[in-house]
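Enquirer: Before I ask anything, let me first share the structure, which is written out below as structure tokens.
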Amino acid sequence: PDSASNPSPPRADQLALRTATRIAELEAVLDDLPGIAARAGVPGGVDAARVAVGGHSYGTVIALAKAGLPFVGTDGGPVSYRNPRVRAAVIMSGVGPVEGVMAPGGFATLTLPLIATGGTLDEGNIGSPVVYPWEWRLGAYDLAPPGDKYRVALEGGDHYLGGLICRPDRGGPADPAGLRLDAGLTLAFLDAYLRDDAAARRFLASTDIAAATGGRVRFARK
């Protein structure tokens, strides 16, 4: 319903309704992974026990919900949408706390493995006049408790990596190098936590990523 192609998209004040709709859609997919694989002609091709959830920008709100971030319920109290199938989360150009949508202090409950990526040209907003510094985009890492958490801050990276993801008409110059770095580090994370790949875990735990990328990536782990 909130697609840019919808001739009557929801208003900014309907953020909570849009969020609830997307959460329900993702839950329906997670509940039917074997059936989806069968209808796609690859029965047994999806390992429903090894699932990561990921999103970009507003999509990270939905990913965070499934990863365990509590939201504000209709009674004003916290409500959880966590799906027990989810083993890890990929948060690309995400969001920090959003008042009235996310439960206060909710990021402290994100205990599963998580990687958050963003860029130093990626200022944040939620459809209001308020503009957040780029660090806000990495709140999922900064505010979550230690334990299998990773932060990738791309020097000179913007929200769409120069139009190479999501919106080809947005962002600055195309940034294929930045895209490769984000993709490579995210793949290493997924290998480590979905495939239990020991080499990938050692890479994430010990490699000097800043040196390996010529200073392009500000990498942190906790």
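Enquirer: Name, by its number, the condition in (1) exposed (fewer than 11 other Cβ atoms within 10 Å of the Cβ); (2) in contact (Cβ under 8 Å) with a residue 24 or more places away in the chain that does not hold for I23.
Expert: Of (1) exposed (fewer than 11 other Cβ atoms within 10 Å of the Cβ); (2) in contact (Cβ under 8 Å) with a residue 24 or more places away in the chain, only one is false for I23: (1).
Enquirer: Inside the range 79-95, can you point out the residues that are touching a strand residue (DSSP E or B) at 6+ places or on another chain (Cβ under 7 Å) and of a type outside the set (G, A, S)?
Expert: Taking the range 79-95 as the starting set, the residues that turn out to be touching a strand residue (DSSP E or B) at 6+ places or on another chain (Cβ under 7 Å) are 79, 81, 85-95.
Result: V79, Y81, R85, V86, R87, V90, I91, M92, V95.
Enquirer: Please determine whether any residue of the range 61-82 is open to solvent by less than 10 Å² (accessible area, probe 1.4 Å), under 28 Å from R170 (Cβ atoms), part of a loop (DSSP other than H, G, I, E, B) and at pLDDT 95 or above.
Expert: yes
Enquirer: If I filter the range 32-50 down to residues being assigned to a loop (DSSP other than H, G, I, E, B) and of a type in the set (V, I, T), which single residue comes out as farthest from A67 (Cα to Cα)?
Expert: Residues of the range 32-50 assigned to a loop (DSSP other than H, G, I, E, B): 32, 40-50.
Checking the rest, the ones that are also of a type in the set (V, I, T) come to 42, 46.
Values: V42: 27, V46: 19 Å.
My answer is V42.
Enquirer: Check A88 against each of (1) surrounded by fewer than 18 Cβ atoms within 10 Å (Cβ to Cβ); (2) modelled with pLDDT of 95 or more and name the one condition it does not meet.
Expert: It is condition (1) that A88 fails.
Enquirer: For the range 1-20, name all the residues that are exposed (fewer than 12 other Cβ atoms within 10 Å of the Cβ) and either in contact with a Leu (Cβ under 7 Å, 6 or more places away or on another chain) or of a type in the set (S, T, Y) (or both). Break it down into steps so the answer makes sense when it comes.
Expert: Filtering the range 1-20 for residues exposed (fewer than 12 other Cβ atoms within 10 Å of the Cβ) gives 3-8, 11-13.
Those that are exposed (fewer than 12 other Cβ atoms within 10 Å of the Cβ) and either in contact with a Leu (Cβ under 7 Å, 6 or more places away or on another chain) or of a type in the set (S, T, Y) (or both): S3, S5, S8.
Enquirer: While we're on this one: Is one or more of the residues making up the range 50-71 farther than 28 Å from E123 by Cα and in contact with a helix residue (DSSP H, G or I) (Cβ under 9 Å, 6 or more places away or on another chain)?
Expert: Step one: of the range 50-71, the residues farther than 28 Å from E123 by Cα are 50-51.
After this cut, where a residue has to be in contact with a helix residue (DSSP H, G or I) (Cβ under 9 Å, 6 or more places away or on another chain) as well, the list is 50-51.
Yes.
Yes/no per residue for (1) more than 14 Å from the chain's Cα centre (by Cα); (2) modelled with pLDDT under 95; (3) over 20 Å from T60 (Cα atoms):
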position	(1), (2), (3)
R137	no, no, no
P145	yes, no, no
Y150	no, no, no
I209	yes, no, yes
A212	yes, no, yes
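Enquirer: Could you please let me know if R180 is at pLDDT below 95 and open to solvent by 30 Å² or more (accessible area, probe 1.4 Å)? Can you show your working first?
Expert: Values: at pLDDT below 95: no; open to solvent by 30 Å² or more (accessible area, probe 1.4 Å): yes.
When the stated conditions are applied, R180 does not pass them.
Enquirer: Which members of the range 91-120 meet the condition of being of a type in the set (A, V, I, L, M), under 17 Å from L185 (Cα atoms) and either in contact with a Cys (Cβ under 6 Å, 6 or more places away or on another chain) or open to solvent by less than 10 Å² (accessible area, probe 1.4 Å) (or both)?
Expert: First, the residues of the range 91-120 that are of a type in the set (A, V, I, L, M): 91-92, 95, 98, 101-103, 108, 110, 112, 114-116.
If we keep only those that are under 17 Å from L185 (Cα atoms) as well, we get 91-92, 114-116.
Across the range 91-120, the qualifying residues are I91, L114, I115, A116.
Enquirer: Please verify whether S57 is of a type in the set (S, T, Y), in contact with a His (Cβ under 6 Å, 6 or more places away or on another chain) and crowded, with 18+ Cβ neighbours inside 10 Å, treating the condition exactly as stated.
Expert: Numbers: of a type in the set (S, T, Y): yes; in contact with a His (Cβ under 6 Å, 6 or more places away or on another chain): no; crowded, with 18+ Cβ neighbours inside 10 Å: yes.
No: the conditions fail for S57.
The values are calculated or read from the model by the stated rules, or taken from the named source; none is laboratory data. Not measured: the values here are computed from a predicted model. Counting neighbours? That spans all protein chains shown, and the Cβs are built from the backbone with ideal geometry, glycine included. For the accessible areas, the whole protein counts, side chains as well, though only heavy atoms, and no ligand, DNA or RNA atoms are used. Shrake-Rupley method; radii C 1.70, N 1.55, O 1.52, S 1.80 Å.
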